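See structure below.
The values are calculated or read from the model by the stated rules, or taken from the named source; none is laboratory data. Since we're looking at a predicted model, the values are computed, not measured. Here the Cβ is made from the backbone with ideal geometry for all residues, glycine too, and neighbour counts use every protein chain on show. For the accessible areas, the whole protein counts, side chains as well, though only heavy atoms, and no ligand, DNA or RNA atoms are used. Shrake-Rupley method; radii C 1.70, N 1.55, O 1.52, S 1.80 Å.
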Amino acid sequence: MKPFIGALALAFVATTASAQVAGHLPENSPYRDLEASQEISFFGGRYSAGKDALGVAPRGGPMYGLRYEVHVGGPAFLMVRLAHVNSERFPIDPTKSGAAAQLGSRNVSLNLFDANLVVSLTGQKSFHHIMPVINLGAGIANCSCTVAPDPYSFGTPFAFSFGGGLRYVPGGRFQLRADWGDYLYQLKYPDAYFLTPTNGTAAAGTGQAKSFWKNNRALTLGASLLFFR
């Protein structure tokens, strides 16, 4: 009986030792737990506005802004973001036609604010210091785009936002990130664009919709400060 008990004990010790060395030791694992629950990031990049038929809406340009992100549980984060675009638009005078209607390029400021739910595809960990994320949310866009005598007004339309990115988390208080996003909002042309001027043609052709949704894409790089473990 004693030899049997001794053999059983040796087998248990061997099994336990084997279980301990299976997989990766914590210091050798490719996964790393997040060291902070919040971050604030500065980012900059390029905003690529979708085209509109008449070319009067704000166009693409340099983009920069701030984003704040907080861990809310599991792989989920809540993110709020404020972005500014140095844009331009080409207003028109709908009372004229042809070249006489073109008012030239005007610099305008486009502002975007949104709140998103962000999900990490690797949970609360990074993989080889990389954390891929996706986001979905909504917000508003705003532009002081009025140029007399053009009656077009961008206003403050509701905007859906979605996208994804990669966070490089080397450990410590700082990280780098690259993000791709899309802002989807509605444009509306004023009624004056559809009126025919004297001895001319209307700015908007027959069949042109007065309002439509437009995708606008952004690619940014950023640096983050991490805090609150």
Problem set entry | Matching option when the condition is out of contact with any strand residue (DSSP E or B) (no Cβ under 7 Å at 6 or more places or on another chain) and either surrounded by fewer than 10 Cβ atoms within 10 Å (Cβ to Cβ) or at pLDDT below 50 (or both), among 17, 53 | 17
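Could you please find all residues in the stretch 160-170 being surrounded by 20 or more Cβ atoms within 10 Å (Cβ to Cβ) and over 12 Å from the mean Cα position of the chain (by Cα)?
In the first step, residues of the stretch 160-170 are kept if they are surrounded by 20 or more Cβ atoms within 10 Å (Cβ to Cβ); the result is 161, 163, 165, 167, 169.
If the condition is that a residue be surrounded by 20 or more Cβ atoms within 10 Å (Cβ to Cβ) and over 12 Å from the mean Cα position of the chain (by Cα), then 167, 169 are the ones that fit.
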Problem set entry | Pick from the stretch 180-190, criterion open to solvent by 20 Å² or more (accessible area, probe 1.4 Å) and among the hydrophobic types (A, V, I, L, M, F, W, C), ranking: farthest from residue 128 (Cα to Cα) | 184
For this session: From 177, 173, grab the single residue that is surrounded by 15 or more Cβ atoms within 10 Å (Cβ to Cβ) and not hydroxyl-bearing (Ser, Thr, Tyr).
Result: 177
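Output yes when any residue across the stretch 119-133 is touching a residue at least 24 places away in the same chain (Cβ under 8 Å), in contact with a strand residue (DSSP E or B) (Cβ under 9 Å, 6 or more places away or on another chain), under 24 Å from residue 61 (Cα atoms) and not basic (Lys, Arg), and no when none is.
Step one: list which residues in the stretch 119-133 are touching a residue at least 24 places away in the same chain (Cβ under 8 Å), which gives 119-133.
From the residues that got through so far, the ones that are in contact with a strand residue (DSSP E or B) (Cβ under 9 Å, 6 or more places away or on another chain) too are 119-133.
From what's left, under 24 Å from residue 61 (Cα atoms): none.
No, that holds for no residue.
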For this session: Scan the stretch 133-148 for residues that are modelled with pLDDT of 95 or more, farther than 21 Å from residue 111 by Cβ and either open to solvent by less than 30 Å² (accessible area, probe 1.4 Å) or part of a loop (DSSP other than H, G, I, E, B) (or both) and jot them down.
Result: 133
Problem set entry | Filtered residues of the stretch 82-112 (kept if open to solvent by 60 Å² or more (accessible area, probe 1.4 Å), at pLDDT 95 or above and β-branched (Val, Ile, Thr)) | none
For this session: Pairs only if they're at least six apart or on different chains, beta carbon under 6 angstrom, first in the stretch 194-220 and more than 14 Å from residue 93 (Cβ to Cβ), second at pLDDT below 90; list them, first residue then second.
Result: none
Seminar exercise, completed: Of the residues in the stretch 191-229 that are surrounded by 12 or more Cβ atoms within 10 Å (Cβ to Cβ) and among the charged types (D, E, K, R), the one that is farthest from the chain's Cα centre (by Cα) is 210
Exercise. Among 65, 73, 98, which is the only one that is of a type in the set (Gly, Ala, Ser) and touching a Phe, Trp or Tyr at 6+ places or on another chain (Cβ under 9 Å)?
Worked result: 65
